[in-house]
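Read-outs throughout are calculated quantities, based only on the coordinates presented, and are distinct from any laboratory measurement. None of these values were measured; they are calculated from a predicted model. Note that we place each Cβ from the backbone using ideal geometry, even for glycine, and neighbour counts take in every protein chain shown.
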Ligand SMILES: [Fe+2]
């Protein structure tokens, strides 16, 4: 699982048929990653991580029912690079949700690289709706809250993670616009 092409094949194999809506989301996250990749050091890694970020939702890969962790552990079994596994395990502030779910130590085994590339992955996820539509981060956070409910664990997670998610999105937009890449059309 070292190339974007093999990542796409794996993601399609595990999500394409069983989770078509999730697969639409993933393809759109990857498309945005591809669009902004020239502004980041290792653009192929960004796109590969985008393609694989939600693979842990695949029914045949569920182990803990926390998809960033299940995805990262699956990638470890495929001999994916440690950096790629960690990007998936930590995507979109997953460590905060892991704290609420009681699996913080498991996710913490994967280091958060806290780089522009990591911010860019979070950005791509946070501007992409469940059907692949492009949303502002505010609309995306509202959409997630509506889908899960504000009293749910995910709703609590959003309250905690919101500032970090928005900061990563803002930093990413600043970086790619400075590199001459325009913002997408939202909505
Ligand atoms: Fe996602």
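Here are some notes:
- Of the residues making up the stretch 117-135, just one is in contact with a strand residue (DSSP E or B) (Cβ under 8 Å, 6 or more places away or on another chain) and near the ligand (Cβ under 10 Å from one of its atoms), namely 128.
- Matching option when the condition is away from the ligand (no atom under 14 Å from the Cβ) and buried (at least 16 other Cβ atoms within 10 Å of the Cβ), among 98, 179, 167: 98
- Scanning the stretch 132-159 for residues that are over 26 Å from residue 84 (Cβ atoms) and touching a residue at least 40 places away in the same chain (Cβ under 8 Å) yields a total of 5.
- Total residues in the stretch 44-72, condition farther than 20 Å from residue 12 by Cβ and within 15 Å of the chain's Cα centre (by Cα): 2
- Residue check, residue 186 crowded, with 18+ Cβ neighbours inside 10 Å and more than 25 Å from residue 70 (Cβ to Cβ): no
- Some residue of the stretch 72-91 being touching a strand residue (DSSP E or B) at 6+ places or on another chain (Cβ under 9 Å) and under 27 Å from residue 178 (Cβ atoms): no
- Single condition residue 111 does not satisfy, out of (1) touching a residue at least 12 places away in the same chain (Cβ under 8 Å); (2) buried (at least 17 other Cβ atoms within 10 Å of the Cβ): (2)
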